[in-house]
Amino acid sequence: MEEKLGQEPTNLIKVVLFGPESTGKTTLAKQLAAHYNTEWVPEYAREYLQDKWDRENKTCEPHDLLPIAYGQMDLENKLVKNANQVLICDTDLLETKVYSEAYYNSTCDPLLEEYALKNTYDLYFLTNIDTPWVADDLRDKPDERERMFMYFKEALLKNNRKFIILSGDKASRLSTAIKHIDKLL
């Protein structure tokens, strides 16, 4: 079962949108995919947890994290087959690890942690908190954005991930991201 958390081999450039909730990751992922005429990998946790909320009126619990990780990697591994030069990932397992540690007393399932550190990407875009926070059924930390941003930044630094911080309006973020992806192509 562990192999399902691993990545399919590919020669594509893989980039990850990474950061706290409500910082424009999905919007930017869609824009980048359109710009490069390629696939973008949605955040599986959003679908999984919205379904859970609608059925049970419950939010994420520790036992949800491995199913979320499996779903995320299943999406990524399916979409990588149809991508064109670059694959845009709205999240990755390292982000799931960060949320696990932030929400559940600094703990993370060992299997999730193993693959969060093992899976590789060419570049991370850390999305800054300089965008308006938008409420929905799943978002719950409007007053902790700065703390969460630091968690994400520390995870990238600690794990030696190449990253660029994206700030500013949508156009500025898109322009900066394209500039950095073009360098990799």
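For this structure, a couple of remarks:
- Whole-number percent relative contact order across the chain, with pairs defined as alpha carbons under 8 Å at least 6 apart: 34 percent
- Within the chain, antiparallel bridges make up roughly 5 percent of the DSSP beta bridges whose residues both belong there.
- Once exposed loop chymotrypsin sites (Phe, Trp or Tyr not before Pro) are cut out (DSSP; at most 15 other Cβ, 10 Å), longest piece of the chain: 1-103
- For the chain, the 222 nm mean residue ellipticity estimated from helices alone, with every DSSP H stretch of n ≥ 4 adding -39500 (n - 2.57) and the total spread over all residues, rounds to -15000 deg cm²/dmol.
- Whether the range 34-93 is rounded, prolate or oblate, judged on the alpha carbon gyration tensor where a/c under 1.5 counts as rounded: prolate
- Along the axis of the charge dipole computed for the chain (Cβ charges of +1 for Lys and Arg, -1 for Asp and Glu, origin at the Cα centre), the listed residues ASN57, VAL98, LEU12 are led at the positive end by LEU12.
- For VAL86, the residues 5 or more places off, or on other chains, whose built amide H falls under 5 Å of its own are ILE13.
FYI, it's all coordinate maths here, none of it is from the lab. Every value quoted in this text rests on a predicted model; they were computed, and no experiment measured them. Positions of Cβ are backbone-derived with ideal geometry, glycine not excepted, and every protein chain shown enters the neighbour counts.
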